[in-house]
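This report concerns only the one structure given below.
The values are calculated or read from the model by the stated rules, or taken from the named source; none is laboratory data. The structure presented is a predicted model; accordingly, all values stated were derived computationally and were not measured. Here Cβ is always computed from backbone atoms with ideal geometry, including for glycine, and neighbour counts include all displayed protein chains.
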Amino acid sequence: MTKIIDNTHNRFRENIERLLEGSNIAFNGNNPWDIHVYNADLYERVLTQGSLGLGEAYMDEWWDCQQLDELFKYICLVRLEDKVIVDPQTLMNRIWALFTNRQCKRLAPELIKWHYDIGNDLYRLMLDKRLTYSCGYWKEAKTLDEAQEHKFDLICRKLNFQPGQKILDIGCGWGSFMKYAAEKYQVACVGVTLSSEQIMLGKELCADLPIEIRLTDYRDLNETFDHIVSIGMFEHVGYKNYSQFMKVVHRCLKDGGLFLLHTIGSSRSVIAVDAWMGKYIFPESMLPSIKQIAKASEGQFIIEDVHNFGADYDKTLMHWYENFANNWQTIIDHYDHRFLLMWKYYLLSCAGAFRARDNQLWQMVLSKTGVQGVYYSVR
């Protein structure tokens, strides 16, 4: 019986090794990105359950790796997901996405609470001093705080903020961008989020500034603003709602105003989230493609500028992970060991995906009828 089991394990392992040919990844090898296997059932689990099986097996401590970020860089470079047979959970996710709107107004609040209401203490220890949960801009920055402030200033300059203007921030988080813009550019801001934890802390951080933070779904907005931003929120909208999102922005943007969309993006159009990421980190989220964004904005906006600095997300995520790991003992009483493994896997696997340029980060500037003259790109 033992021999039969060993032969089965070997067969599954050989199948995976064939898929990994040319990837520079080995099982139980000497490189820091090699996979060290502690349970031989891992090979079958990955082949039959795909990304969900790989991630859950890591959380179950069936395998480990010294450098998860480098492992996922190589996994993305070899496009392993294209070679593995679609697992049942991924197939089910795609079917659900075709026939349901999982990011509809009724379901959206619970999806947001899943990730953003798990504890402000975690985010305060992991993020920069302003609590910015989106990609920093590292062109001239040396620290995480500088990278996030440079990103905010880049946005303000791209939209040419002027004192006294009224700005809408869709998916405002803890209000970090609005606080920066109000302090540095003397604008007034309205931010919307579906996270009660973000609102509670955001109102505290933005007190005494011309900033209003509302617990509001973007679909309920119906007032006008000089400019609109959405920073790291579009990933939660869902492909069935992209057009509606653009209609809301068009409705709320003054003639002559500009809209800046800051979003993680995919080089391919997808309609469902990665199985592991969707189950444990961002339920029902998905990364838009340029094609999907362009289609949703067609007839409503002119795309004035597209700026890709996705490589900067690798550096941002590595700083977040370093902060998280260094401060784990401070919050250990609020989270268990399995959460530690889950969060480590999340941050480092994403860093690897950006390092491989499998994921992108776009800032897009859009106008209703076109900027008169020329829109000069700001970098």
Matching residues in region 16-56 (modelled with pLDDT of 85 or more and outside any loop (DSSP other than H, G, I, E, B)) number 22
Of the residues in region 31-81 that are small (Gly, Ala, Ser) and out of contact with any His (no Cβ under 7 Å at 6 or more places or on another chain), the one that is farthest from GLY278 (Cα to Cα) is ALA57
Of (1) under 23 Å from LYS344 (Cα atoms); (2) crowded, with 20+ Cβ neighbours inside 10 Å, LYS113 satisfies every one except (2)
Test: residue in region 337-345 that is crowded, with 16+ Cβ neighbours inside 10 Å, touching a Cys at 6+ places or on another chain (Cβ under 7 Å) and not hydrophobic (A, V, I, L, M, F, W, C)
no
Residue pairs qualifying under the 6 Å Cβ cut-off, at least six apart or on distinct chains, with the first in region 197-209 being more than 12 Å from ARG124 (Cβ to Cβ) and the second being surrounded by 16 or more Cβ atoms within 10 Å (Cβ to Cβ) and among the aliphatic types (A, V, I, L, M), are ILE199/ILE213; GLY202/ILE213; LYS203/ILE213; LEU209/ALA182
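Based on what the data block shows, is SER266 out of contact with any Leu (no Cβ under 6 Å at 6 or more places or on another chain), in contact (Cβ under 8 Å) with a residue 12 or more places away in the chain and over 24 Å from LYS129 (Cβ atoms)?
Numbers: out of contact with any Leu (no Cβ under 6 Å at 6 or more places or on another chain): no; in contact (Cβ under 8 Å) with a residue 12 or more places away in the chain: yes; over 24 Å from LYS129 (Cβ atoms): yes.
Answer is no for this residue.
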Among helices (runs of 4 or more DSSP H) entirely inside region 278-345, those with 3 or more residues being in contact (Cβ under 8 Å) with a residue 60 or more places away in the chain are 290-297, 311-326
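Please go through region 247-261 and pick out each residue that is out of contact with any Lys or Arg (no Cβ under 8 Å at 6 or more places or on another chain) and in contact (Cβ under 8 Å) with a residue 60 or more places away in the chain. Full working, then the answer.
Of the residues in region 247-261, the ones out of contact with any Lys or Arg (no Cβ under 8 Å at 6 or more places or on another chain) are 247, 249, 251-252, 254, 259, 261.
Hits for region 247-261 are VAL249, CYS252, PHE259, LEU261.
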Next on the checklist: Quick check on region 229-240. Is at least one of its residues over 19 Å from LEU194 (Cβ atoms) and either at pLDDT 95 or above or surrounded by fewer than 16 Cβ atoms within 10 Å (Cβ to Cβ) (or both)?
Outcome noted: no
From the option list LYS151, LYS129, single residue qualifying as farther than 17 Å from ILE231 by Cα and of a type in the set (Lys, Arg) is LYS129
Of the candidates ARG102, ARG79, the one satisfying the condition of being closer than 30 Å to PHE234 by Cβ, crowded, with 18+ Cβ neighbours inside 10 Å and either within 24 Å of the chain's Cα centre (by Cα) or modelled with pLDDT of 95 or more (or both) is ARG102
Only one of (1) among the basic types (Lys, Arg); (2) surrounded by 17 or more Cβ atoms within 10 Å (Cβ to Cβ); (3) at pLDDT below 95; (4) closer than 30 Å to TYR242 by Cα does not apply to ARG94, and that is (2)
Wholly inside region 167-234, strands (runs of 3 or more DSSP E) that include 3 or more residues that are among the β-branched types (Val, Ile, Thr), on the phi < 0 side of the Ramachandran plot and in the same structural domain as ASP117 (by TED's automatic domain parsing) are 188-193, 225-231
